[in-house]
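K.L.:
Below is the structure I would like to discuss, written out as structure tokens.
The values are calculated or read from the model by the stated rules, or taken from the named source; none is laboratory data. Owing to the predicted nature of the structure, the values given are computational and were not obtained by experimental measurement. Heads up, the Cβs are rebuilt from the backbone with ideal geometry, glycines too, and the neighbour counts pull from every protein chain shown. Accessible surface is based on the protein model in full, side chains and every heavy atom, while ligands, DNA and RNA are left aside. Shrake-Rupley method; radii C 1.70, N 1.55, O 1.52, S 1.80 Å.
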Amino acid sequence: MIDTSAFQGKTAVYYTLGCKLNFSETSTFGRMLQEMGVRTAHKGEPADICLINTCSVTDVADHKCRQAIHRMVRENPGAFVVVTGCYAQLEAETVSKIEGVSLVLGSNEKANLVQFLSEAFVNRNNIATYKTEKTKDIKTFAPSCSRGNRTRYFLKVQDGCDYFCTYCTIPYARGFSRNPTIASLVAQAEQAAAEGGKEIVLTGVNIGDFGKTTGEKFIDLVKALDRVEGISRYRISSLEPDLLSDELIDYCARESRAFMPHFHIPLQSGSDEVLRLMHRHYDRQLFADKIMRIKEQMPDAFIGVDVMVGCRGETPECFEDAYEFVKSLPVTQLHVFPYSERPGTSALKINYVVPEKEKKLRSKRLLELSDEKTISFYEQYIGQEAEVLFEKATRGRAMHGFTKNYIRVELSPADAKPEFDNELIRVRMGDFNHDKTALKATIING
């Protein structure tokens, strides 16, 4: 039994870096502390507890983590500062030596964050404590289904990764692939529905690998969640192409009640030579086949693609080959990431190094290609009707929401109403807004 008396009336601030999974986990941590009597500090109000959930996907991410920790310490003098997440797992001792840090929790320990925090907070001193397990010993799964300040809920269905791509530290930061049961995830989705949630995003590190722990299958999880009453929409955050089964594509296209025509599929490189150097589990032909099957079954599908540029071994010829391949695909949007050297990764053994200036040029070209593809996709729907799930907006500001196939729409301040928040409303989509990030919408009455 945890004694919560020491936390009554205390305040907390939260800072998250990195992926949707991290944001989901932080939101869950916040809810746990709230149940212990801790309230979120108002803007500008010094907090008693600071929680920073870190990322370590690049060296830039590491730098941002350190900056965030220093800023939190500076803005909240005397606060009890907790650091968790991937950077905390990989560099626990280093983080513990940052002035002002009180407690560092790795990937295995964050599942018991409340317990560790309670012990350390009550017995606090000026010496930071850090607790991390070795990667091979990370076994726990910290459940998370949280909304935070967003309309959508984020349901964590899997954690860890067994792939060990040459450029990546995530398996070392989050451990091997593991997951909870389908029954427990259905129960969390039912709770989200009871709270009024209408859309859930399935998150994880490598969610197509679902089932390693329980012997279940991802397709069976999808079918079970589809039966949860009250949830109108599901989105799958990211699926490795070799784990995106034809059965799943066909189910979403023909049978599913609530899984949206929206996919996010990591490619990383459109060059087979670079994919081989990365130790990815597919070639570009397999990737292209998956894209074409989705488009054949769901012509309206929004397809987002992760692309890494400038990794070791990506010669100019490889990049041009990759660029032309991506250009040929009927995808909607590219998430472009410059390669970052990570200590301890086998990519460092690859001789060819891409200069930083060249990485920036390649990134720019791919981002421009992404804009062209996204605008072209949006243009097809100008003048059409669609059902939109709207998100809360500040009074007097435009309201935004998304169609089933993830087109962002904008409702003018004059038409926006508080009661539209978290509601599915039929609209007619017009031309682009001023910065081409959304299509203007008008409400269809009746």
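K.L.:
Please report the projected area of segment 6-142's Cα convex hull averaged over all directions, in nm². Numbers along the way, then the final one.
P.N.:
Details: hull surface 30.6 nm².
Its Cα hull, projected and averaged over all orientations, spans 7.6 nm².
K.L.:
So which lysines can K10 reach, going by Cα to Cα under 16 Å and dropping same-chain residues fewer than 8 places off?
P.N.:
K43
K.L.:
Could you tell me what percent of the accessible area of the chain is made up of carbon and sulfur, with a 1.4 Å probe and every protein chain present? Kindly include the intermediate steps, with their values, before the conclusion.
P.N.:
On the way: 10020 of 20350 Å².
Roughly 49 percent, rounded to a whole number.
K.L.:
Using a basic spin-label model with each label point 7 Å from the Cα along Cα→Cβ, how many nm lie between K436 and A183?
P.N.:
5.3 nm
K.L.:
Continuing with this model, one more query. Kindly identify segment 124-194 as rounded, prolate or oblate by the Cα gyration tensor criterion: order the square roots of the eigenvalues as a ≥ b ≥ c, call it rounded if a/c is under 1.5, otherwise compare a/b with b/c, prolate if a/b is larger, else oblate. Intermediate values should be presented prior to the final figure.
P.N.:
Working: a/c = 2.10, a/b = 1.36, b/c = 1.54.
Oblate, because a/c is 1.5 or more while a/b does not exceed b/c.
K.L.:
Counting only complete DSSP H runs, which helices of the chain cover 15 Å or more along their long axis at the Cα atoms and score a mean Kyte-Doolittle of 0.0 or above?
P.N.:
Working: long enough: 20-35 (23 Å, -0.67); 59-75 (24 Å, -0.99); 182-194 (18 Å, 0.92); 284-297 (20 Å, -0.82); 316-328 (18 Å, -0.58); 356-379 (34 Å, -1.31).
Both cut-offs are met by 182-194.
K.L.:
Please compute the volume of the convex hull spanned by the alpha-carbon atoms of segment 49-105 and report it per residue in Å³. Before the final figure, lay out each step's value.
P.N.:
Working: hull volume 3.3 nm³, N = 57.
Output value, Cα hull per residue: 59 Å³.
K.L.:
A further question on this structure: Looking only at Cα atoms, what is the convex hull volume of segment 296-370 per residue, in Å³? Before the final figure, lay out each step's value.
P.N.:
Numbers: hull volume 7.7 nm³, N = 75.
Per-residue hull volume (Cα only) is 103 Å³.
K.L.:
Then there is this: In terms of modelled amide H atoms, which long-range or inter-chain residues lie less than 5 Å from the amide H of V354?
P.N.:
G313
K.L.:
Just to check I understand the Karplus step: with θ = phi - 60° and J = 6.51 cos²θ - 1.76 cosθ + 1.60, what whole-Hz values come out for segment 8-13, glycine and proline as x?
P.N.:
For segment 8-13, the Karplus-derived couplings read 4, x, 6, 10, 9, 10 Hz, x marking Gly and Pro.
K.L.:
Alpha carbon centre of segment 382-418 versus segment 257-290: separation in Å?
P.N.:
31 Å
K.L.:
Mind checking the dipole of the chain: about its Cα centre, +1 per Lys or Arg Cβ, -1 per Asp or Glu Cβ, Debye to the nearest 20? Write out the running numbers ahead of the final one.
P.N.:
Working: 58 positive and 60 negative charges, 178 e Å.
So the dipole magnitude of the chain works out to roughly 860 debye.
K.L.:
Let me see the P(r) profile for the chain: every Cα-Cα distance counted, bins of 20 Å, each bin given as a percent of all pairs.
P.N.:
Spelled out bin by bin, the chain gives 23, 56, 20, 0 percent.
K.L.:
A further question follows. What nm value, rounded to one decimal, do you get for the distance between A61 and A194 when each label is placed 7 Å out toward the C-beta?
P.N.:
3.4 nm
K.L.:
Stokes-Einstein D for segment 175-225 at 4 °C, 1.567 mPa s, Kirkwood Rh over Cα pairs, in µm²/s?
P.N.:
Values: Rh = 11.6 Å.
Estimated diffusion coefficient is 112 µm²/s.
K.L.:
Using the beta-carbon distance between H335 and E419 and R0 = 51 Å, what value does 1/(1 + (r/R0)^6) give for FRET efficiency, to the nearest 0.05? Don't jump to the answer; show the numbers that get you there.
P.N.:
Working: r = 34 Å, r/R0 = 0.66.
Between H335 and E419 the formula returns 0.90.
K.L.:
Now for a different question. Quick one: which of K136/K212; K392/K417; K373/K417; K110/K139; K364/K436; K223/K404 span more than 20 angstrom between C-alpha atoms?
P.N.:
Values: K136/K212 15 Å; K392/K417 9 Å; K373/K417 32 Å; K110/K139 12 Å; K364/K436 18 Å; K223/K404 18 Å.
The answer is K373/K417.
K.L.:
Something else now. Compute the relative contact order of the chain as a whole-number percentage, counting only Cα pairs closer than 8 Å that sit 6 or more residues apart in sequence. Intermediate values should be presented prior to the final figure.
P.N.:
Numbers: 907 pairs, mean separation 43.0, N = 446.
Relative contact order for the chain comes out at 10 percent.
K.L.:
For segment 184-293, restrict the atom set to alpha-carbon positions and state the Rg and Dmax in Å.
P.N.:
15.3, 49
K.L.:
Please list the non-local residues whose amide H lies under 5 Å from the amide H of T203, H modeled 1.01 Å from N, same-chain partners needing a gap of 5 or more.
P.N.:
Amide H to amide H, under 5 Å and 5 or more residues apart or across chains, T203 pairs with L155, K156, V157.
K.L.:
Taking only C-alpha pairs under 8 Å that are 6+ residues apart, what is the relative contact order of segment 66-177 in percent?
P.N.:
Details: 174 pairs, mean separation 25.9, N = 112.
Relative contact order comes out at 23 percent.
K.L.:
Report the gain in length on full extension from R426 to D137: 0.36 nm times residue separation, minus Cα-Cα distance, nm rounded to one decimal. List each step's numbers first, then the result.
P.N.:
Working: separation 289, 0.36 × 289 = 104.04 nm, distance 5.00 nm.
So the extension gain works out to 99.0 nm.
K.L.:
Rounded to the nearest Å, what's the spacing between the alpha carbon centres of segment 93-132 and segment 297-348? Just the number, please.
P.N.:
Comparing the Cα centres of segment 93-132 and segment 297-348, I get a distance of 37 Å.
K.L.:
Among the DSSP beta bridges whose two residues both lie in the chain, what percent are antiparallel, rounded to the nearest 5?
P.N.:
On the way: 19 of 62 bridges.
Counting only bridges with both partners in the chain, antiparallel ones make up about 30 percent.
K.L.:
PRE reach from D306 (point 7 Å along Cα→Cβ): which of segment 89-118 fall under 19 Å by backbone N?
P.N.:
89-90, 107
K.L.:
Could you give the length gained on full extension between A6 and I444, defined as 0.36 nm per residue of separation minus the Cα-Cα distance, in nm? Write down the numbers at each step before the final one.
P.N.:
Values: separation 438, 0.36 × 438 = 157.68 nm, distance 5.29 nm.
Between A6 and I444, full extension yields an extra 152.4 nm.
K.L.:
Further question on the same structure: Given N residues in segment 306-446, what is its alpha carbon radius of gyration divided by 2.2 N^0.38 Å?
P.N.:
On the way: Rg = 20.1 Å, N = 141, 2.2 N^0.38 = 14.4 Å.
Scaled against compact globular proteins, the figure is 1.39.
K.L.:
Full-extension gain between T94 and Q384, please, as 0.36 nm times their residue separation minus the C-alpha to C-alpha distance.
P.N.:
Values: separation 290, 0.36 × 290 = 104.40 nm, distance 5.44 nm.
Additional length available on full extension: 99.0 nm.
K.L.:
Before anything else, pin down the relative contact order of segment 157-231: Cα pairs under 8 Å, at least 6 apart, normalised by residue count, whole percent. Before the final figure, lay out the partial values.
P.N.:
Numbers: 103 pairs, mean separation 29.5, N = 75.
Worked out over segment 157-231, it gives 39 percent.
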